[in-house]
Amino acid sequence: MTAERLMDLAKEAMTHAYAPYSGYTVGAALLCADGTVYQGCNIENASYSPTNCAERTAFFKAVYDGHRDFTAMAVCGGKGGVITGYFPPCGVCRQVMREFCGDDFILYFVGPQGQYEQHTLAEIFPSSFSAGEHMGE
Ligand code: THU
């Protein structure tokens, strides 16, 4: 699985978004250690707070199916179905990534003109809370 292919799958996932309130459609593609890819989109709600981000949709689908080891995720988003700039994961999604991923988990932020940024989870979520490290396990 190339970075380019994973980013293409994130773009495709963006078209599945349900975002009638913000108008921001977001897509994510999560690469499992065994090569399986799970796509996710944001799913909004009239009550706003139940909204689920694209990244968490992908993670929850994968975890439901029994996956626990993850390698990388590509994320893109923008207004009106168009990628308008990098769309970095929110704090809640970063915490969900932390639950299942190590410091070396790779994130691709997809830009509007095909360019992208590559980061690790350690870079975008330093000094984070995780059960094993902070609960005496
Ligand atoms: N959103 C995501 O899907 N992922 C993020 O990490 C940030 C925000 C969605 C939630 C909401 O539907 C829209 O983007 C605007 O906040």
- Filter pass, G111 being surrounded by fewer than 19 Cβ atoms within 10 Å (Cβ to Cβ) and closer than 18 Å to R5 by Cβ: yes
- Note on the structure: Note on segment 115-136: residues open to solvent by 50 Å² or more (accessible area, probe 1.4 Å) and in a loop (DSSP other than H, G, I, E, B) are Q115, P126, S127, F129, M135, G136
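Would you confirm, using the coordinates I've provided, whether E12 is among the acidic types (D, E) and open to solvent by 50 Å² or more (accessible area, probe 1.4 Å)?
It is true that E12 is among the acidic types (D, E) and open to solvent by 50 Å² or more (accessible area, probe 1.4 Å).
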- Note on the structure: By residue number, the members of segment 11-20 that are part of a helix (DSSP H, G or I) and within 11 Å of the ligand (Cβ to nearest atom) are A13, M14
- Message: Please go through (1) within 15 Å of the ligand (Cβ to nearest atom); (2) among the small types (G, A, S); (3) more than 23 Å from F129 (Cα to Cα); (4) at pLDDT 95 or above for S49 and return the number of the only condition it doesn't satisfy.
- Response: (3)
- Item | Any chance C93 is surrounded by 22 or more Cβ atoms within 10 Å (Cβ to Cβ), assigned to a helix (DSSP H, G or I) and modelled with pLDDT of 95 or more | yes
- Quick one: count up the residues across segment 21-53 that are open to solvent by 70 Å² or more (accessible area, probe 1.4 Å), of a type in the set (F, W, Y) and not in a loop (DSSP other than H, G, I, E, B). 1
- Message: Among (1) more than 18 Å from H119 (Cα to Cα); (2) within 12 Å of the ligand (Cβ to nearest atom), there is one condition G80 misses while meeting the rest; what is its number?
- Response: (2)
- Message: Give all pairs with beta carbons closer than 6 Å in which a residue from segment 35-57 that is among the acidic types (D, E) meets a residue that is within 11 Å of the ligand (Cβ to nearest atom) and at pLDDT 95 or above; count only pairs at least 6 apart in sequence or on separate chains.
- Response: E44/Y18; E44/A19; E44/Y21; E44/T51; E55/A28; E55/P89; E55/C93
- Task: Exactly one condition in (1) within 16 Å of the ligand (Cβ to nearest atom); (2) open to solvent by less than 60 Å² (accessible area, probe 1.4 Å); (3) without any contact (Cβ under 8 Å) to a residue 40 or more places away in the chain is not met by Y86; state its number.
- Result: (2)
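Output the number of residues of segment 96-114 satisfying the condition of being without any contact (Cβ under 8 Å) to a residue 24 or more places away in the chain and either hydrophobic (A, V, I, L, M, F, W, C) or not in a loop (DSSP other than H, G, I, E, B) (or both).
0
The values are calculated or read from the model by the stated rules, or taken from the named source; none is laboratory data. Keep in mind that what you see is a predicted model, and the values were worked out from it rather than measured. Note: ideal-geometry Cβ built from the backbone for every residue, glycine included; neighbour counts use all protein chains shown. Heavy atoms of the whole protein, side chains included, go into the accessibility calculation; ligands, DNA and RNA do not. Shrake-Rupley method; radii C 1.70, N 1.55, O 1.52, S 1.80 Å.
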